[in-house]
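Notes follow the structure.
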Amino acid sequence: MPTFTTRFALLCGALIFATGFCVACAAAAARQPNIIYIYGDDVGYGDVSCYGAKAVSTPNVDRLARAGLRFTGAYATSATCTPSRFSLLTGEYAFRQKGTGVLPGDAPLIISTERMTLPKVLRAAGYRTGVVGKWHLGLGTGATELDWNADIKPGPREVGFDYSFIMAATGDRVPCVYVENHKIVGTNPKDPIKISYEHAFPGQPTGVTERDTLRMDWSHGHNNSIVNGVGRIGFMLGGLQARWVDEDMADVFCQHGLDFIRREKDHPFFLYYATHDIHVPRMPNKRFVGKTTMGPRGDAIVEFDFQVGALLDELDRLGLTENTLVILSSDNGPVIDDGYKDRAVELLGNHQPAGPFRGGKYSRFEGGTRVPFIVRWPARVKPGVSDAIVSQMDLFASFAALTGQKLAPADGPDSVNVLPALLGESPVGRDHVVEYANKLAIRVGDWKYIEPSPGPAVQVNTNTQTANSPQPQLYNLALDPGEKNNLAIAEPARTAALAARLAAVAKASVPRP
Ligand code: NG6
Ligand code: CA
């Protein structure tokens, strides 16, 4: 029979143990970091100063890099926006699903609402999830024509985001309005919005019929409806009060990103902040006009950097910096003339938007998918530089690992848990990555194989070196990052091995260990 003293001691011990346990629980819960993913649009590897740009200074991106881990071998899965974003959110290569190419603004949602997504993984871990900025993954079911004046769904809310404030597609595509959750902002039943990608609306001016009125002329495409004096892709009628002002877009997105952080600061939160900068039409706010010698394209980089700074400042102000994981990247490589006469070509000077790499947006050369990628998490990640190969698609499995979520094999099937690389605990990420722009290429270690494909070697309008060639290409990226010296003939065995590896990955996802 224990004495009163022993019983008291046991009780105290149990209490201390329980309290200690709870403190440990609380500490574990407190350790769950907030996550902000900042996604540039068409920002090239060489477009920010911490990756070597001289003609433009990006102090806020650099500040992130100084306090974080800067990756030199990080990839978007594709050389255009929609497929890259599809992969980011689904953890699956976009080439596996038909219909994941650059979408028109009236396309239906291309992510099944049934599947596991990056925001759903985090939501299951207790996160509040939000998307602000460019969506470009479609809206609505596609079963009937989408009524832009009613509830717009399914969309971000149905694939895992608790909050969304988006533009449907791109800045150069109609509808030129913001959609908050399920509604267009500023919608007016007396001035309903109609969208068509097939036909002009009778009597409406277009970039062809009233070209001389345009505030920014087009160089190719972009000559359908005129919105705010700019020709767009697609036709739009109505919604005059709801239309965005291009020059205010960065501020509008920024404000909604900051509001989300302020609202959710007491929970772990995940903010997917997808800027429109530096996509066309490049129309930065007048605060940024003339900040570089490169015209609108350079000034849009400064506007991109401003948004990064605003988000980081807010984290500082709220005391959230230490335990917030901030990742910055871009959806595809750079392009100079993407359809508007904004003098990007003429004013480029010595600037190298893709850094040391060849090609850019639309290309299977490294410039198409090798992008800036910075990870900052002061509580956990030591500053430095990592050469690990990582893909944006890997955030899916890595965040699952970070937050203790178990994934079924079908969830994020191509996503690899590269958390040790992201945290700087390992110099090794994935061993191979597929690069996609119509056709495929694969990097395995230092070697890159580009499968033969038809099509022009240089894209006519954008002047992009596409990597299309009837011949197979093999490059040693360690010795030849600019992919100049094709070794396919000199190294037939290696070329065949990489071709076989690519064929195997293209056929099926590699099961996660
Ligand atoms: C192209 C557009 C280009 C850009 C791109 C998508 C023309 C002539 N070109 O079709 O301007 O909008 O699609 O860019 O219309 S992305 O970054 O969203 O993938
Ligand atoms: Ca893009």
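The values are calculated or read from the model by the stated rules, or taken from the named source; none is laboratory data. Computed from a predicted structure; not experimentally measured. Neighbour counts run over all protein chains shown; Cβ positions are idealised from the backbone, glycine included. Protein only, heavy atoms only, side chains kept; ligands, DNA and RNA dropped before computing areas. Shrake-Rupley method; radii C 1.70, N 1.55, O 1.52, S 1.80 Å.
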Query raised in the report: Does Ile301 meet the test of being open to solvent by less than 10 Å² (accessible area, probe 1.4 Å), out of contact with any His (no Cβ under 8 Å at 6 or more places or on another chain) and at pLDDT 95 or above?
Result: yes
Report summary line: Reported set for region 267-316 where residues are touching a residue at least 24 places away in the same chain (Cβ under 8 Å), of a type outside the set (A, V, I, L, M, F, W, C) and touching a Lys or Arg at 6+ places or on another chain (Cβ under 6 Å) is His267, His276, Arg282, Gly295, Pro296, Arg297
Report summary line: Of the conditions (1) within 30 Å of Leu311 (Cα to Cα); (2) within 20 Å of the chain's Cα centre (by Cα); (3) of a type in the set (D, E, K, R), the single one that Lys382 does not satisfy is (2)
Query raised in the report: All but one of (1) open to solvent by 20 Å² or more (accessible area, probe 1.4 Å); (2) in contact (Cβ under 8 Å) with a residue 24 or more places away in the chain hold for His222; which doesn't?
Result: (1)
Requested in this report: Looking only at region 83-112, count how many residues are in a helix (DSSP H, G or I) and either away from ligand 1 (no atom under 11 Å from the Cβ) or surrounded by fewer than 24 Cβ atoms within 10 Å (Cβ to Cβ) (or both).
Outcome: 8
Query raised in the report: So how many residues does region 305-346 have that are within 14 Å of ligand 1 (Cβ to nearest atom) and either surrounded by fewer than 23 Cβ atoms within 10 Å (Cβ to Cβ) or more than 23 Å from Arg358 (Cα to Cα) (or both)?
Result: 4
Query raised in the report: Can we say Arg70 is in contact (Cβ under 8 Å) with a residue 12 or more places away in the chain and crowded, with 19+ Cβ neighbours inside 10 Å?
Result: yes
Query raised in the report: What is the number of the single condition among (1) in contact (Cβ under 8 Å) with a residue 40 or more places away in the chain; (2) in a loop (DSSP other than H, G, I, E, B) that Gly138 does not meet?
Result: (1)
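Yes/no per residue for (1) part of a loop (DSSP other than H, G, I, E, B); (2) away from ligand 2 (no atom under 16 Å from the Cβ); (3) over 19 Å from Gln465 (Cα atoms); (4) touching a strand residue (DSSP E or B) at 6+ places or on another chain (Cβ under 8 Å):
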site	(1), (2), (3), (4)
Glu322	yes, yes, yes, no
Leu328	no, no, yes, yes
Gly333	yes, no, no, yes
Leu347	yes, yes, yes, no
Ile374	no, yes, yes, yes
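Yes/no matrix, rows are residues, columns are (1) open to solvent by less than 20 Å² (accessible area, probe 1.4 Å); (2) of a type outside the set (Gly, Ala, Ser); (3) in contact (Cβ under 8 Å) with a residue 60 or more places away in the chain:
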position	(1), (2), (3)
Gly404	no, no, yes
Glu425	no, yes, no
Gly455	no, no, no
Asn486	no, yes, no
Val510	no, yes, yes
Requested in this report: Hand me the list of strands (runs of 3 or more DSSP E) wholly inside region 382-447 holding 2 or more residues that are at pLDDT 95 or above and closer than 29 Å to Glu114 by Cβ.
Outcome: 384-391, 432-437
**Report entry** Pick from region 347-395, criterion among the charged types (D, E, K, R) and closer than 23 Å to Lys439 by Cβ, ranking: most open to solvent (accessible area, probe 1.4 Å)
**Finding:** Arg358
